[in-house]
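Input: a single structure, listed below in structure tokens.
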Amino acid sequence: QICSGGFLVDAPFSPQRVSELAKMDGAIILSTDGNRIARANVHLVPDPTVPTSETGTRHRTAERVARSLDVPVVSASEEMGVINVYAGGLKRQLQEVGRLLDRANQALQTLERYKARLDDAIHNLTALEIEDVVTVRDVVTVVQRGEMVARIADEIETMIIELGVDARLLRLQLDEIYTDIDEEVDLVVADYLPPHRHVEDTLAEMARLRDDDVLDARMALSTMHLGDAGLDDETAPRGLRLLRRVSKLSPEVASSIVDRFGGLARLQRVTIDDLVAVDGVDADIAQSVKETLARVTEDAILGQYS
């Protein structure tokens, strides 16, 4: 029995009600879904043997309750100007809204810069793929920058959750900047991984690296498991990423095309009749594939002189 005393409220949750009830010393208990206020002015008596890293009585109690019941607990100290959220063994100290908005806006600016660098790396990789002169370093650069962009976006996402309704504009800005990045990086990885590796495993390994290690090209390369390949060794794409630009082509049929022709270099030379011989490819799709690859080639050539 952790709770004692207090009184029954059983009213819909609202910030105004919580603000009024918080003027009393006891805890406020919400329903499991957080939509109703169950009780107020409750005295919490958790097991004193439950470990806690806090020093203040209120925060020690909150952390012990969170560990004991596996429920989120919010503890506010007006005197110290501190609001902590505990969940299981985790703790997060909430920040003042204005300061958090400033941090989030700075992070958005950083995200835009890293996104621009990622776009440059992807455009460069596309041009090199068309010329069939890709090195492992070119691929690793895209994966590195994609991971850094993902980490910054995750940090902003956490701030958006903490800000709640104050983050509506931030949400729109983040969604605009971060559109389709994950899919593009996934396809780059899929284009170069050996057959026995899965994209998800490689990206999970990359996500476990420290920031300094992500920026280390050799450490980033190790997550792709390309055997003895060095950063300056030549490599070649399967062609999945560029085929994804064909609107009529399903991922399954794109994989069948790649499996049939073995890579982008050969795929650029095939005829419409060759493509139609692949299961799931009709004349219209084959024509779209040829036109898309021709357009990508033209864009890559023009990009070199722009």
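Do we find a residue being modelled with pLDDT under 90 and outside the structural domain of ARG117 (by TED's automatic domain parsing) anywhere in segment 234-247? Looking through segment 234-247, at least one residue is modelled with pLDDT under 90 and outside the structural domain of ARG117 (by TED's automatic domain parsing).
Just one of the listed residues (LEU243, LEU275, LEU221) is more than 20 Å from ILE122 (Cα to Cα) and either surrounded by 18 or more Cβ atoms within 10 Å (Cβ to Cβ) or touching an Asp or Glu at 6+ places or on another chain (Cβ under 7 Å) (or both), namely LEU275.
Among the candidates SER53, SER68, SER75, the residue that is in a strand (DSSP E or B), assigned by TED's automatic domain parsing to the domain that holds LEU8 and among the polar types (S, T, N, Q) is uniquely SER75. State whether the residues of segment 121-142 include one that is of a type in the set (A, V, I, L, M), farther than 25 Å from THR235 by Cα and surrounded by 19 or more Cβ atoms within 10 Å (Cβ to Cβ). No, every residue in segment 121-142 fails to be of a type in the set (A, V, I, L, M), farther than 25 Å from THR235 by Cα and surrounded by 19 or more Cβ atoms within 10 Å (Cβ to Cβ). Of the listed requirements (1) on the phi > 0 side of the Ramachandran plot; (2) of a type outside the set (Phe, Trp, Tyr); (3) touching a helix residue (DSSP H, G or I) at 6+ places or on another chain (Cβ under 8 Å), GLY34 misses just one: (3). Taken over segment 24-38, the residue count meeting the criterion of being of a type in the set (A, V, I, L, M, F, W, C) and assigned to a loop (DSSP other than H, G, I, E, B) is 1.
To keep it simple, each residue is scored yes or no on (1) modelled with pLDDT of 90 or more; (2) crowded, with 16+ Cβ neighbours inside 10 Å; (3) under 34 Å from the mean Cα position of the chain (by Cα).
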site	(1), (2), (3)
SER19	yes, no, no
ASP25	no, no, no
LEU30	yes, yes, yes
ASN35	yes, no, yes
LEU44	yes, yes, no
GLY56	no, no, no
ARG67	yes, yes, yes
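The values are calculated or read from the model by the stated rules, or taken from the named source; none is laboratory data. Every value quoted in this text rests on a predicted model; they were computed, and no experiment measured them. Positions of Cβ are backbone-derived with ideal geometry, glycine not excepted, and every protein chain shown enters the neighbour counts.
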